[in-house]
Amino acid sequence: MSEPVILLDGVEKTYPYFRLTNIALQLDAGQILGFVGPNGAGKSTTLRILMAMVQQDRGTVRVLGRSLPREQAAAKQDIGFVSEDMRLHGSESLAWHMRLVADLCPGWDAAYATALVGRFNLHPEQQVRALSHGERIKAALLLALARRPRLLILDEPTTGLDPVARHEVLAELMDVVQDERRAVLFSSHNTHDVEQISDQIAFIDRGRIVDTGDKETFLDRWRRLRLDVPPGVTLPAAAGVIDTSTSGRQAIVTTRAYAPGFEAGYAAAGVGIHAVERLTLEEIFVATVMHNRRERAA
Amino acid sequence: MGTTDLLISQADRRPMYLQIIEQVRRRIAVGDWPSGYELPSIRALAAGLQVSVITVKRAYLELERDGVIVTRQGRGSCVADSAGLSAGLRHAELDQHLGSAAAVGRSLGLTAEELVARLRDLVAGKDEEQR
């Protein structure tokens, strides 16, 4: 039982104009992993590899204790997958889809499905093609959630939802991990949602994982310092500084290796400290991506 | 859900784990949560607040480290005995009073030494004896 729910190691996949390079990811039971990246970074391709819809060129892919793509049938029985391009039948209703999934999936929870219809404010008898974009997303999520799979893999589950619907969806994801055996992986470029509910975070850019770790540590080790550099004083080097901008006496330094006592080095050099600020996950994400792109270009 | 006794503010720039700690302390300080009171489980509170499990876990760990709550393996967390707890809360209360005293002292133009001297006199009971 101690094996991670998801384990990716050294995963590579090359396309004519895009390449996933050395992808390593881990998700343990009872946790939510937020997978963050710009458009085209490789989020969807990685999720498709986890569903064996795309086969990796090399590397290890283990999901729910099964090796993919070889044991995909066994693994998929306990995975709920939702992505935007997953089509429901336009001429059929949500109720028709619910009956279909109920017949195919032994774990289907009809009472929970009915409750979700109410919470998501859906009309089961309506034809899918008459649904709004947000309603389609909620319908697809409902079909995945009501199977009560051990692993949910959701590609941009909150994109295109109004604030109330987003709130309802996040509540259901949090409800999933009340059961310590279950886990959720969701991709998003909405860093706010990720910051709110994720236990683990992975950043991807241009086909590479650029940083990963548990959310609390992530937020803890990033700081922005507003400094006053008097004439004749040089700004000393400090750990983990990835960005420094100066204007007159003012310097703004961003570090990803903050620890208690970090400021002491500046104070000792005669630099005044105006403020030490935490960063939002969005600021951290942008800083990480920009830093990595600069490093790769250099 | 609605089971939650705490509320996280999205507009509050302080980290979520600190907001949780502060609110638990407040519930205890005002007597809503007496010693022995069983706190919601980490996962239940996370679901109720819609924040990460890891965030609530961190808040509980720090509360435990400070002696505010006690966690027993497999049996959840409860408010610690009032002894250790009220001492901690009263220390915080004392700091608050001293803080206001310092502010008044500053407004009167007293130096730190003068202020400390007056406090020392008070502690020694001189003030009372003299009257």
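For the reader, a short list of remarks on this structure follows.
- Per residue, the solvent-accessible area of the protein assembly as shown (1.4 Å probe, heavy atoms of protein chains only, all protein chains present) comes to 51 Å².
- Pairwise burial B:A, computed as accessible area of each alone minus the pair, summed, 1.4 Å, Å²: 1700
- Carbon + sulfur, % of accessible area of the protein assembly as shown - ligands and nucleic acids excluded, 1.4 Å: 51
- Of the residues making up the range B:40-72, those losing 30 Å² or more of accessible area when the isolated chain is joined by the remaining protein chains, with a 1.4 Å probe, are B:R43, B:A47, B:Q50, B:S52, B:V53, B:I54, B:R58.
- Value of D in µm² per second that Stokes-Einstein yields for the protein assembly as shown, Kirkwood Rh from Cα pairs, at 20 °C (1.002 mPa s): 86
- A simple charge model with +1 on the Cβ of Lys and Arg, -1 on the Cβ of Asp and Glu and nothing else charged puts the dipole of chain A at about 720 debye relative to its Cα centre.
- Dividing the mean sequence gap of close Cα pairs (under 8 Å, 6+ apart) by how many residues the range A:223-278 holds gives a relative contact order of 51 percent.
- Ratio of the Cα radius of gyration of the range A:223-278 to 2.2 N^0.38 Å, where N counts its residues: 0.99
- Among the GluC sites (Glu not before Pro) in the range A:66-154, those located in a DSSP loop and surrounded by at most 10 other Cβ atoms within 10 Å of their own Cβ are A:E125.
- Considering only chain A, percent of DSSP beta bridges that pair antiparallel, nearest 5: 65
- For A:I273, distant residues with modelled amide H under 5 Å away: A:D228
- Distance from the Cα centroid of the range B:47-73 to that of the range A:1-61 is 31 Å (rounded to whole angstrom).
- In chain B, the calculated helix contribution to ellipticity at 222 nm averages -19000 deg cm²/dmol per residue, counting -39,500 (n - 2.57) for every DSSP H run with n ≥ 4.
- In chain A, the DSSP-assigned H stretches of four residues or longer account for a calculated mean residue ellipticity at 222 nm of -9500 deg cm²/dmol, using -39500 (n - 2.57) per stretch and the full residue count as denominator.
The values are calculated or read from the model by the stated rules, or taken from the named source; none is laboratory data. Computed from a predicted structure; not experimentally measured. Virtual Cβ from ideal backbone geometry, glycine too; neighbours counted across all protein chains shown. When the accessible area is computed, the model is the full protein with side chains, heavy atoms only, and any ligands, DNA or RNA have been set aside. Shrake-Rupley method; radii C 1.70, N 1.55, O 1.52, S 1.80 Å.
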